[in-house]
Amino acid sequence: MLIGHGWDLHQHSANRNLILGGVSFDEEGFKGHSDGDILLHAICDALLGAIGKKDLGYYFPSDESTPKNISSTNILSEILSVIEYEKFSLTNMDITIISEKFNVQDKAEKIQKNLSELLEVSTEKINIKGKSSDHYGIIGDQKASLAIVSLLLDDA
Ligand SMILES: [Zn+2]
């Protein structure tokens, strides 16, 4: 059994739509070279960490070698092929999203469903927790939000 851990933080941007876990919401999104999907980026790093294949920036640096505004769903599918995901089964994934800009729980069901399709697992294996930062710091000031992911991979 292999444990993976990843996290990602982006600044919010009034000019971008919120894309979280590959799902688009009609709310203020994130700055970023890509679509700024903090959750999919944290998942990619957790998957790469579990099998010991460096980090997301190694495969998708935030420069002109990565297409601007690239969809993080496409990034995830590339990472799934890098780690040969078909050789593994995802035991479970525990997600924490720390934000005071948007409500996490009212998005959780849609995100859980989309992740279960992208990762080909049942929704019960994916848990999503929403947290605040007690109105403190860049998250409390609604300037940024953070996603943290832990997961376990087992042999398929
Ligand atoms: Zn990111």
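The values are calculated or read from the model by the stated rules, or taken from the named source; none is laboratory data. Quantities reported herein were computed from a predicted structural model and do not represent experimental measurements. Cβ coordinates were reconstructed from backbone atoms using ideal geometry, including for glycine residues, and neighbour counts include every protein chain displayed.
Some values worked out for this structure:
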| item | result |
| --- | --- |
| Condition broken by residue 61, with the remaining ones in (1) more than 15 Å from the ligand (Cβ to nearest atom); (2) surrounded by fewer than 21 Cβ atoms within 10 Å (Cβ to Cβ) satisfied | (1) |
| Hey, residue 36 modelled with pLDDT under 95, in contact with a Lys or Arg (Cβ under 9 Å, 6 or more places away or on another chain) and not in a strand (DSSP E or B) or not | no |
| Residue ID - surrounded by the fewest Cβ atoms within 10 Å (Cβ to Cβ), chosen from residues in the range 27-40 that are touching a helix residue (DSSP H, G or I) at 6+ places or on another chain (Cβ under 6 Å) and not polar (S, T, N, Q) | 35 |
| Any hit, the range 103-116, residues being in contact with a helix residue (DSSP H, G or I) (Cβ under 8 Å, 6 or more places away or on another chain) and among the small types (Gly, Ala, Ser) | yes |
| Unique match (being of a type in the set (Lys, Arg), more than 9 Å from the ligand (Cβ to nearest atom) and surrounded by 14 or more Cβ atoms within 10 Å (Cβ to Cβ)) among 68, 53 | 53 |
| Which listed residue is within 16 Å of the ligand (Cβ to nearest atom), in contact (Cβ under 8 Å) with a residue 24 or more places away in the chain and over 17 Å from residue 152 (Cβ atoms), from 75, 43 | 75 |
| Test: residue 62 is in a loop (DSSP other than H, G, I, E, B), over 13 Å from the mean Cα position of the chain (by Cα) and not basic (Lys, Arg) | yes |
| Any chance residue 75 is touching a strand residue (DSSP E or B) at 6+ places or on another chain (Cβ under 7 Å) and either surrounded by fewer than 20 Cβ atoms within 10 Å (Cβ to Cβ) or among the β-branched types (Val, Ile, Thr) (or both) | no |
| Residue 81 being in a loop (DSSP other than H, G, I, E, B), more than 13 Å from the ligand (Cβ to nearest atom) and without any contact (Cβ under 8 Å) to a residue 24 or more places away in the chain | no |
| Selection status of residue 9, touching a strand residue (DSSP E or B) at 6+ places or on another chain (Cβ under 6 Å), part of a helix (DSSP H, G or I) and within 16 Å of the ligand (Cβ to nearest atom) | no |
| Residue within the range 108-118 that is in contact (Cβ under 8 Å) with a residue 12 or more places away in the chain and outside any helix (DSSP H, G or I) present | no |
